[in-house]
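Down below is the structure, laid out as structure tokens.
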Amino acid sequence: MSSGKTMFAQIMEFVPWTSFARIVARHGGDSGVRRLSCTEQFRAAVRRSTLAEANEGRDWRIWADLAAVLIHRARKLYCNDSLGVDLTNTVYALDATTIDLCLSLFPWAPFRTTKAAIKMHTLLDLHGNIPAFIHISDGKAHEVSMLDTLPIEAGAFYVMDRCYLDFGRLYALHQAGASFVTRAKRGMDARRVFVWWCNRYRKTNCGVKAVSCLPEFCKRE
């Protein structure tokens, strides 16, 4: 019979308990609590009803801040991993997914007549595929609106789908010192003005500079 530590106990050893204690104190997580401290709640070694009451009464920012600490530590472990391309910059992938919910259980998240939903926007650090930023919005929010609240890192590359194609917002990202890679929408009225060639003999380009022919976008830029 094995006398070593359980898998759960080994995982708990990686939790930065000192940082967690500071986070709990910052948000007053254990203020006025007679039983089930935040540490016990995190380990969840209690009945589900007791855990549900604790989840309802405690500040959600405790767990958000703890997740941020763990993500920061995890990203350091993979920051030097190769992406398979000759690029030292940080590369992020931005996308969103809609999570369907039961309208009778989640009336605060109306989406359609008979359905509720939320939308999870995720910024993934491709060095290790670790989420660097997660935002939950209502299901009706358009993906492109996330560009208004996205933390921008100068020098980084942001890879995103065509649903994020908004020249005004992308220009703000450019002004912050970041670069982006996206796809053109069908029928987009734009013209190419410059191409950066990686290998002129193989005709592979590193990027394209284009300007919009739409008056509202030309005026904004």
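Which of rounded, prolate, oblate describes the range 89-186, given a ≥ b ≥ c as roots of the alpha-carbon gyration tensor eigenvalues and a/c under 1.5 marking rounded, otherwise prolate only if a/b is larger than b/c? List each step's numbers first, then the result.
Numbers: a/c = 2.60, a/b = 1.89, b/c = 1.38.
Prolate, because a/c is 1.5 or more and a/b exceeds b/c.
Extending each Cα 7 Å along its Cβ direction at Ser31 and Arg43, get the distance between those two points in nm, one decimal.
Roughly 2.6 nm, to one decimal.
Full extension from Trp60 to Ile152: what is 0.36 nm times the residue separation minus their Cα-Cα distance, to one decimal in nm? Could you put the intermediate results ahead of the total?
Numbers: separation 92, 0.36 × 92 = 33.12 nm, distance 2.42 nm.
Contour length minus the Cα-Cα distance gives 30.7 nm.
If I model a spin label as a point 7 Å beyond the Cα along the Cα-Cβ vector, how far apart are those points for Ala9 and Ala93 in nm?
3.8 nm
Using only the Cα atoms of the range 72-124, build the gyration tensor, take square roots of its eigenvalues as a ≥ b ≥ c, and label the shape rounded, prolate or oblate: rounded if a/c is under 1.5, else prolate if a/b is larger than b/c, else oblate.
Values: a/c = 5.68, a/b = 3.16, b/c = 1.80.
In terms of gyration-tensor shape, prolate.
Which whole-Hz couplings ³J(HN,Hα) result when phi for each residue of the range 83-92 is put into the Karplus expression 6.51 cos²θ - 1.76 cosθ + 1.60, θ = phi - 60°, listed in order with x for Gly and Pro?
Ordered by residue, 3J(HN,Hα) equals 8, x, 10, 7, 8, 9, 6, 6, 10, 10 Hz.
I'd like the Karplus ³J(HN,Hα) series for the range 146-155: coefficients 6.51, -1.76, 1.60, θ = phi - 60°, whole numbers in Hz, and an x wherever there's a Gly or Pro.
Couplings: 5, 5, 6, 10, 5, x, 9, 9, 4, x Hz.
Between Asp86 and Ala52, what FRET efficiency comes out of the Förster formula 1/(1 + (r/R0)^6) with R0 = 45 Å and r the beta carbon distance, rounded to 0.05? Working shown, then result.
Details: r = 51 Å, r/R0 = 1.13.
It comes to 0.30.
Compute the length gained on full extension between Ile130 and Ala176: take 0.36 nm times their separation in residues and subtract their Cα-Cα distance, giving the result in nm to one decimal.
Working: separation 46, 0.36 × 46 = 16.56 nm, distance 2.27 nm.
My answer for the length gained is 14.3 nm.
Considering the dipole of the range 89-186 built from charges on the beta carbon (Lys and Arg +1, Asp and Glu -1) around the Cα centre, which of Thr114, Val91, Ala154 is farthest to its positive end?
Towards the positive end, the residue furthest out is Thr114.
Any read-out appearing in this document is the output of simple, stated calculations on the displayed coordinates, not a laboratory observation. Keep in mind it's a predicted model, so treat the numbers as computed, not measured. Here the Cβ is made from the backbone with ideal geometry for all residues, glycine too, and neighbour counts use every protein chain on show.
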